[in-house]
1. Just report the Cα centroid separation between the range 202-242 and the range 1-54, whole Å.
2. In what order, largest first, do Ser381, Ser24 sit by accessible area if the probe radius is 1.4 Å?
3. Where a Cα-Cα gap under 14 Å defines reach, which aspartates and glutamates qualify for Lys307, not counting those fewer than 8 residues away within the same chain?
4. Under a 10 Å cutoff between Cα atoms, tell me which one of Glu48, Glu234, Glu334 has the largest fluctuation in the Gaussian network model of the chain.
5. Among all the aspartates and glutamates, which ones have a C-alpha under 13 Å from Lys2's C-alpha, if same-chain residues fewer than 8 places away are not counted?
6. Using each residue's phi in the range 164-172, evaluate 6.51 cos²θ - 1.76 cosθ + 1.60 at θ = phi - 60° and report the 3J(HN,Hα) Karplus result to the nearest Hz, with x for Gly and Pro.
7. Return the Cα extents of the chain along principal axes one, two and three, sorted largest first, each rounded to a whole Å.
8. Classify the range 186-239 from the C-alpha gyration tensor, please: rounded if a/c falls under 1.5, else prolate or oblate depending on whether a/b exceeds b/c.
Amino acid sequence: MKVTDKQAEHVLGALDRFEIELPSWGFSDSGTRFGQFKQAAAARTTEEKLHDAGCVHRLTGAAPSIAMHVDWDFPPTIDVEQVKREAAHHQVRIGAINPNYFQDQRYKLGSFCSPDADARELAMQHSLRSIEIGASTGSAALSVWLADGTNYPGQDSIYRRKKLLEAAFGRIHDEMAKRWSGAALLLEYKPFEPAFYHTDIGDWGMAASFARKAGPNAKVLVDTGHHLQGQNIEHIVAFPLDEGLLGGFHFNDRKYADDDLTLGSIDPYAVFRIFDQIAQFEHDRGQPAGSAPIAYMVDQSHNLKPKLEAMVQTVCEAQALFARAHLVDRDALERAQRAGDIVAAETTLRRAFFADVSGLLADWRRRRHLPEDPLTALRESGLIGRLGRERNNR
Ligand code: PSV
Ligand code: MN
């Protein structure tokens, strides 16, 4: 596909508005339940995670914020003011605050849905602390994922659990409105894992219902790895977007389940189709390209790939797929759709998907004095080797 000057300006404008948040947990050692392979350069502390996120942003110019996990990044002994100073020093913003409702022993039967009142109270106290951290760090969102669910039919009452959860989200929404105004409450769903019979927020429809009942700042968060095989994720994106209920994404790719593979490594066309639906939404409403208020975040934890390389790869891949989606000729697409010309409509999409956007991205980066190829720049910099020697994390 030949990109015209007008199309190039359109894409460059959209890229100016496109930011993607990095997960703090993507910089530290992680593993599967079978084991962990350590990386010498993996971040060991909250400050090292902030440092590494800052490096990715300096290379890509598109990842200015870092999502934080409360239990992993803000242990009770940490000085939140110090973390704020470190974030400023490494030139990153504190992004979504992720409470942790799944590791304490008391959460064995769930958090807000647990039949154990102490577990429910623990979850609420943890939420209040998370809200306090969010308000004080200037974060824009509380991002909630619950491991709540059951493993066997009959284990607990689905109805009782639903009511408990509705009440908890209502309270969290109210507390946020009082102490952290304007922040979004993002509700993430997942069909299974760690629960294998039922999960209390099992799909986007349940997340949307909880969000609607909680209040106007509650929205749905789509983690691309949290779907059953074959689900049409772009349709799942379009529906809550049109309802004003789409809050954000956790991007990653997968082959089988919640695999945490690099975005676009298995099915880049699926990611393109998600961006295409969002671009179409903006076009239909006459909004500037890339302006929909959606929190794009990465949720990947790399066990084998060098973490910094994986993150730079992810940001660049996200930008490339986003740029391609903004190359779709929307007028030609609509003409083909209205004429019932299926092949022309599909070809219009595919032409943009297969477009070479490397020149456009290089142009965008040159304008910002960034390396034209951030991944090569990282590999040539020797940064990972140097961090490995300094951290010697074995
Ligand atoms: C759960 O699978 C999840 O997607 C949630 O977003 C967690 O916060 C994250 O992964 C890290 O465990
Ligand atoms: Mn997630």
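The values are calculated or read from the model by the stated rules, or taken from the named source; none is laboratory data. Just so it is clear, the structure is predicted and the values come from calculations on it, not from any experiment. Here Cβ is always computed from backbone atoms with ideal geometry, including for glycine, and neighbour counts include all displayed protein chains. The accessibility values were calculated without ligands, DNA or RNA, using every heavy atom of the protein model including side chains. Shrake-Rupley method; radii C 1.70, N 1.55, O 1.52, S 1.80 Å.
1. Between the Cα centres of the range 202-242 and the range 1-54 lies a distance of 23 Å.
2. Reading off the accessible areas and sorting them downward yields Ser381, Ser24.
3. Correct list for Lys307: Asp29, Glu48, Asp52, Asp260, Asp299.
4. Checking each option, the largest mean-square fluctuation is seen for Glu334.
5. Correct list for Lys2: Asp329, Asp356.
6. 4, 5, 4, 5, 5, 5, x, 5, 4
7. Largest first, the chain extends 62, 56, 41 Å along its Cα principal axes.
8. Oblate is the answer for the range 186-239, as a/c is 1.5 or above yet b/c matches or exceeds a/b.
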